[in-house]
1. It is to be established whether one or more residues within region 85-94 are more than 25 Å from Ala12 (Cβ to Cβ) and touching a Phe, Trp or Tyr at 6+ places or on another chain (Cβ under 9 Å).
2. Quick one: in region 105-138, of everything that is in contact (Cβ under 8 Å) with a residue 40 or more places away in the chain and more than 18 Å from Tyr157 (Cβ to Cβ), which residue is surrounded by the fewest Cβ atoms within 10 Å (Cβ to Cβ)?
3. Looking at region 71-99, I want the residues that are modelled with pLDDT of 95 or more and have a partner that is exposed (fewer than 14 other Cβ atoms within 10 Å of the Cβ) and outside any helix (DSSP H, G or I) with Cβ atoms under 8 Å, at least 6 apart or on another chain. Which pairs are those?
4. If a residue must be at positive phi and modelled with pLDDT of 95 or more, how many such residues does region 15-56 contain?
5. Return the residues of region 39-55 that are within 14 Å of Arg115 (Cα to Cα) and not in a helix (DSSP H, G or I); say none if nothing qualifies.
6. How many residues does region 15-61 contain that are in contact with a strand residue (DSSP E or B) (Cβ under 7 Å, 6 or more places away or on another chain), of a type outside the set (Asp, Glu) and buried (at least 16 other Cβ atoms within 10 Å of the Cβ)?
Amino acid sequence: MQTTSEQMWVDAAAKVAKELHRGQLDKAGVDYFTGHLSFVASLGRSWQEQVVGYLHDASEDTPCTVEQVLELLEQEVQRAMPPEERAEIQQALCLLNHHTAPDRASYIRCIAQHRLARAVKLNDLTHNMEIHRLPAPTEKDYLRLARYREEYNYLAYQTSWDTRLREEKGMPV
């Protein structure tokens, strides 16, 4: 159960995302906020995962930088986010912007190393893999689905295997 303060951040993230993505449609032709971002956020198990779920595409699909998105969030709440939480959310949002990585494989590997970014990307991929949303999937859609499944499996299973190996060797996780 979230505190009132935590819910305030989630609600503000929803408002900011709705405004930033106004008029955008997903691949199925559905409003991007209601069709994708709300679904991804709803899968979040913490308020941070929900906030990042709403905002994960903002710096990728709008003219805003991650810093500007966070400033809009804080303006909506009318207070600064606690520095540690802000840094964690900022890093996750930066990692979730594929434009910051040299290639897709590097992008996924970097996300795998960050708990919050990994959790949100798994939620994002969960929605992206629902191919039945598309009225007439094409070969390109099925190829993208195969890539999404591969990325999901890497993030969900490879990283847990890596974590177990590190723990067994007494290395930091």
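The values are calculated or read from the model by the stated rules, or taken from the named source; none is laboratory data. For clarity, every value in this text was computed on a predicted model and none was experimentally measured. Please note: Cβ atoms are built from the backbone with ideal geometry, for glycine as well, and neighbour counts cover all protein chains shown.
1. Within region 85-94 (the criterion being more than 25 Å from Ala12 (Cβ to Cβ) and touching a Phe, Trp or Tyr at 6+ places or on another chain (Cβ under 9 Å)), the answer is no, since none of the residues qualifies.
2. Pro135
3. Sorted first by the residue in region 71-99, then by its partner, the pairs are Glu74/Ala80; Arg86/Ala80.
4. First, the residues of region 15-56 that are at positive phi: 23, 29.
If we keep only those that are modelled with pLDDT of 95 or more as well, we get 23.
Result for region 15-56: 1.
5. Matches in region 39-55: Gly44, Arg45, Ser46.
6. 1
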